[in-house]
Structure formats: structure tokens, C-alpha cells
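Visitor: Starting off with a structure, shown below.
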Amino acid sequence: MLQSPSVARVRRALALCGLDCEIVELPGAARTAKAAAQFLGCELQQIANSLVFRGHGSGAPFLVMSSGARRVDLARLESIVGEPIGKADAEFVREQTGFAIGGVAPVGHATPLRAFVEKSLATCPVVWAAGGHPHTVFRLTYRDLVRITAGTEVDAAVSP
């Protein structure tokens, strides 16, 4: 198993949340939801993408957990967060979360992030989230995802 400090940080954060999730190492990098679903043999909608956005006015980071089968509607998300936003660049993502893009976990961030969980994930009995490294994921329920992120449930995604 991959012995990354980022993965260890996720494992600790999950334990603090009362979850005993196995972090699974994939045979290759899953930098996209499609790649993760292919490695896992699951449906694309079961992949909980961790997307980081940046407020244009505040500079605040926002974490959106969205189904891999959908895309975030920026106008809807902007109305929810109350300011214009944009997709964060790799440097901002690493600075705010402590993770590289493709491995951003829903927990264990370097700084607190306001989190949102896309309601479309609720249709899946099991979802998969990044485990702190582009080669790792873990399995959990939608309810647990909402709980561990302290996320606000939102309808901010549309089908591609």
C-alpha cells in the first residue's frame, strides 16, 4: 500500500470522523472520474469528484463533492456561495487542501474549506472518493460524505 503522508492524513481524519474505511490503491493514477470508475469497475456517477473553487472577491476556497457523471453549474454554485467563483489552479488547491489535483480527499485538508455535496450522489448506495493521492480512493455512503465534510447538500450540477 502506498505510504504517502497525504494518505496517512486522510486515514487519520477518517478515523477521527468514526469511519474505518479501507483506502484502496489503484493500479494507476485516477486523475479523472472516468479513470477511477474504470479502475474500480463501478458506475461513473458513483465517483465523488472533489472539486476546489476559489471565490473571486474573497479568495476563499470552496470544496464541491460532485458526481463524476455530472458537471458543476457555476452560475448555480455562485448563487449558493454568494460571489463569483472560478476553478482553482493546482497551486491554490495544494496550498488550501494539502493534496495534489486528482487526489483531493473530502477530509484532512491543510485549511478549513466550506464544503458542498451535490445531491445527485444520494442516488448511489456507495460512492468512492479520493484518498489523498491520485492512486488512492475509499468507499463510503452519501450520508457519511455529507457528515464528514460538514457539507451543505446542494443541487448545483447538471448532466454533461
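None of the figures in this text is laboratory data; all of them are computed from the coordinates on show. It should be emphasised that the depicted structure is a prediction, and the values quoted were computed from it without experimental measurement. A quick note on method: Cβ atoms are made from the backbone with ideal geometry, for glycine too, and the neighbour counts reach across all protein chains shown.
A quick yes/no check of all residues on (1) buried (at least 23 other Cβ atoms within 10 Å of the Cβ); (2) assigned to a loop (DSSP other than H, G, I, E, B); (3) among the hydroxyl-bearing types (Ser, Thr, Tyr):
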{"position": "57", "(1), (2), (3)": "no, yes, no"}
{"position": "65", "(1), (2), (3)": "yes, no, no"}
{"position": "80", "(1), (2), (3)": "no, no, no"}
{"position": "95", "(1), (2), (3)": "no, no, no"}
{"position": "106", "(1), (2), (3)": "yes, yes, no"}
{"position": "122", "(1), (2), (3)": "no, no, no"}
{"position": "133", "(1), (2), (3)": "yes, yes, no"}
{"position": "137", "(1), (2), (3)": "yes, no, no"}
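Visitor: Considering each residue of the range 108-119, count those that are surrounded by 22 or more Cβ atoms within 10 Å (Cβ to Cβ) and in a loop (DSSP other than H, G, I, E, B), and give that number.
Guide: 3
Visitor: Considering (1) farther than 19 Å from residue 25 by Cα; (2) not in a helix (DSSP H, G or I), say which one residue 42 fails and leave the rest.
Guide: (1)
Visitor: Just checking, how many residues over the range 1-31 are polar (S, T, N, Q) and touching a residue at least 12 places away in the same chain (Cβ under 8 Å)?
Guide: 2
Visitor: Counting only residues that are farther than 19 Å from residue 138 by Cβ and either in contact (Cβ under 8 Å) with a residue 12 or more places away in the chain or in contact with a His (Cβ under 9 Å, 6 or more places away or on another chain) (or both), how many does the range 44-68 have?
Guide: 9
Visitor: Hey, does the range 139-160 have a residue that's among the small types (Gly, Ala, Ser), on the phi < 0 side of the Ramachandran plot and surrounded by 20 or more Cβ atoms within 10 Å (Cβ to Cβ)?
Guide: yes
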